[in-house]
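The next block holds one structure in the form of structure tokens; read it before the comments.
The values are calculated or read from the model by the stated rules, or taken from the named source; none is laboratory data. No experiment lies behind these values; they were computed from the predicted model shown. Glycine gets a Cβ as well: all are built from the backbone with ideal geometry, and neighbour counts include every protein chain shown.
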Amino acid sequence: MAKTEVYSWRLSPRLKTELEEAARAERKSLAELLEQIAREWLERSHARDESDEQRTQRLRAAAMKFVGSLDGEISGRAENVRSEVRARLARRYGR
């Protein structure tokens, strides 16, 4: 895979030295070491993270709280949804 992206950040001189020493010890460039570290962290992070199915279910459950919250019994409500939402928020939060 061709590398085309550049990212930079500031770090302490001590951390930079430690990273350079680690890269030399592993006979890698600093960029290779940092990419390996980032990739391994992401893999561990995703392993702990919820699965795609769990994420989808969680997001769907959150969205479903709002589905149908403005019912169609009152004609013209769709055209006035902005003012209706603002009125409900004002009642709820006293604004």
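State whether the residues of segment 20-28 include one that is among the hydrophobic types (A, V, I, L, M, F, W, C) and touching a Lys or Arg at 6+ places or on another chain (Cβ under 9 Å).
Yes.
Would you confirm whether any residue within segment 70-79 is more than 20 Å from the chain's Cα centre (by Cα), assigned to a helix (DSSP H, G or I) and at pLDDT below 85?
Restricting attention to segment 70-79, the residues satisfying the condition of being more than 20 Å from the chain's Cα centre (by Cα) are 70-79.
From what's left, assigned to a helix (DSSP H, G or I): 78-79.
Next cut, at pLDDT below 85 only: 78-79.
Yes, segment 70-79 contains at least one residue that is more than 20 Å from the chain's Cα centre (by Cα), assigned to a helix (DSSP H, G or I) and at pLDDT below 85.
Using the structure shown, decide if residue 88 is at pLDDT 95 or above and outside any loop (DSSP other than H, G, I, E, B).
No; evaluated as a whole, the condition is false for this residue.
Mind counting the residues in segment 1-53 that are acidic (Asp, Glu) and exposed (fewer than 11 other Cβ atoms within 10 Å of the Cβ)?
Start the filter on segment 1-53 by keeping residues that are acidic (Asp, Glu), which leaves 5, 18, 20-21, 26, 32, 35, 40, 43, 49-50, 52-53.
Filter again for exposed (fewer than 11 other Cβ atoms within 10 Å of the Cβ), leaving 5, 21, 40, 43, 52-53.
Adding up the residues that qualify gives 6.
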